[in-house]
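Have a look at the structure below before the remarks.
Where a number appears in this text, it was derived from the coordinates with a stated rule and is not lab data. Small disclaimer: the values here were computed from a predicted structure and weren't measured. Glycine gets a Cβ as well: all are built from the backbone with ideal geometry, and neighbour counts include every protein chain shown.
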Amino acid sequence: MHYVYLVVGILTEICGSTLLKFTDGFQKKFLAALCLLAYGIAYYMVALSMKVLPLNIAYATWSGAGTLLTMIIGMVLFKERFRLSGYVGLVLLLGGIIALNLL
């Protein structure tokens, strides 16, 4: 169940980060409220996962996966492009997340 909490935390963090882009610097109050709600749920879910998972695994997986998936959303939804170093970083981040959880 602790990994379910972590996955929900990752997904809601991604929602919060994506909504942050749409808030127009927190000028759009409804979207800003949804953004803050998503971040609150994300932190709560990660805290629940840390009842079982060690801090280094839970937080690194949450922040790493959130960063990775947010980069992908930026590329797909907002047409953001990266230099080669960005793509290399994306692959290294994925490898680090996998290594942390499997080794």
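Hey, can you rank 50-61, 83-94, 1-12, 18-29 by average C-beta count inside 10 Å, highest first?
Output ranking for 50-61, 83-94, 1-12, 18-29: 1-12, 50-61, 18-29, 83-94.
Just the Cα atoms of the chain, one point each, no solvent: what log10 I(q)/I(0) does Debye give at q = 0.24 Å⁻¹?
The Debye formula, applied to the Cα set alone, gives -1.20.
Could you tell me the relative contact order of the chain? Use alpha-carbon pairs under 8 Å, at least six residues apart, and round to a whole percent.
Result for the chain is 31 percent.
In sequence order, what are the phi-derived ³J(HN,Hα) couplings for segment 47-57 according to the Karplus relation 6.51 cos²θ - 1.76 cosθ + 1.60 with θ = phi - 60°, rounded to whole Hz, with x for glycine and proline?
Calculated HN-Hα couplings, in order: 4, 5, 5, 6, 5, 10, 7, x, 3, 4, 6 Hz.
Collect residues whose amide H, placed 1.01 Å from N in the peptide plane, falls under 5 Å from the amide H of Glu80; neighbours closer than 5 in sequence don't count.
Counting only residues 5 or more places away or on other chains, the set is Met75.
Would you mind calculating the gained length between Leu102 and Arg81 on full extension (0.36 nm times residue separation, minus the Cα-Cα distance), in nm to one decimal?
Length gained, Leu102 through Arg81: 4.5 nm.
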